[in-house]
Amino acid sequence: MIENNYKNVIERIDNACRKAGRDRSEVRLIAVSKTKPADDIKQVYDMGQRIFGENKVQELCGKVPQLPEDIEWHLIGHLQQNKVKYLMENTAMIHSVDSFRLAETISKEAQKHNKVMPVLLEINVAEEESKFGIAASEAEEMVRQISALPGVEIRGFMTVAPFVDDPEENRWVFRELKQLCVDINNKNINNIKMNELSMGMTNDFEIAIEEGATFVRVGTAIFGERDYSKIGAM
Ligand SMILES: *Cc1c(COP(=O)(O)O)cnc(C)c1O
């Protein structure tokens, strides 16, 4: 089942790129494997997938030693400062930077490891109270402050769009995130150039691709529904 699901998602990404007139290499799939066991992840790995996304630090760190070393792990869920240190050795990118203090902590830990951590700033475009993220109106100031930190490199923005019945309802969210990125790039803040837009999930990734996503984060359409009861509070 997972194999067919995966093939289907790849096909849908191919088609969305074609429809949008975008080069297929501009869009990378993050297979979101939260709550799923290593066996499921290995099946998708064996089909050629190399980028996986996890929400929880503990879960990510638990899976890394069970799976091949050439997997690129992305942390996509809300991150607490006291857990940042566990990510330095095994995480390729953090998508969920939502405060200056968190960025500062990541920068400090990265410096201890002599590295620069690629990050995305999570923007709460739709201003949902239930969601984490920086308000769009505060994004520029946040980019200015965070871009001055030596241990992080801002690569772009991430958003979690609202849960809607018709994915078309989220088109404006993706369009606004892209425009925000273009506008801030044009200000040439500290010479940073942000190229990545992490947006689109199972329900709406095709629309996100049409609006400029460079990373789509897809879980359910690949791995099936998640059973949170099995794995405890995630
Ligand atoms: C769980 C999750 C996803 C994947 O969601 P699906 O609807 O299962 O594709 C993507 N992004 C974030 C931040 C998530 O927490």
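The values are calculated or read from the model by the stated rules, or taken from the named source; none is laboratory data. These numbers were taken from a predicted model, which means no experiment stands behind them. Here the Cβ positions follow ideal geometry from the backbone for every residue, glycine too, while neighbour counts run over all protein chains shown. Just the protein is used for accessible areas: all its heavy atoms, side chains included, with ligands, DNA and RNA removed. Shrake-Rupley method; radii C 1.70, N 1.55, O 1.52, S 1.80 Å.
Sorting the segments 54-63, 15-24 by their residues' average number of neighbouring beta-carbon atoms within 10 angstrom, most packed first, yields 54-63, 15-24.
For the chain, the per residue solvent-accessible surface stands at 48 Å², with DNA, RNA and ligands left out and a 1.4 Å probe.
Label separation (T202 vs E140): 3.9 nm, computed from points 7 Å beyond Cα along the C-beta direction. The protection proxy used here, the mean number of other Cβ atoms lying within 10 Å of each residue, ranks peptides 91-100, 35-44 as follows, highest first: 91-100, 35-44.
Cross-linked pairs K36/K131; K42/K108; K19/K178; K36/K83; K34/K131: Cα-Cα separations exceed 28 Å for K42/K108.
Taking trypsin sites (Lys or Arg not before Pro) across the range 136-192, the ones in a DSSP loop with at most 13 further Cβ atoms lying within 10 angstrom of their Cβ are K187. With K and R counted +1 and D and E -1, the other residues having a Cβ less than 13 Å from that of R144 yield a net charge of -2. Other residues with beta-carbon under 15 Å from the beta-carbon of I76 carry, at +1 per Lys or Arg and -1 per Asp or Glu, a net charge of +4.
Annotation: for a label point projected 7 angstrom from Cα along Cα→Cβ of K42, residues of the range 57-85 with backbone N closer than 20 Å are 59-73. For the chain, what is the relative contact order in percent, using Cα pairs closer than 8 Å and at least 6 residues apart in sequence? Across the chain, relative contact order equals 21 percent.
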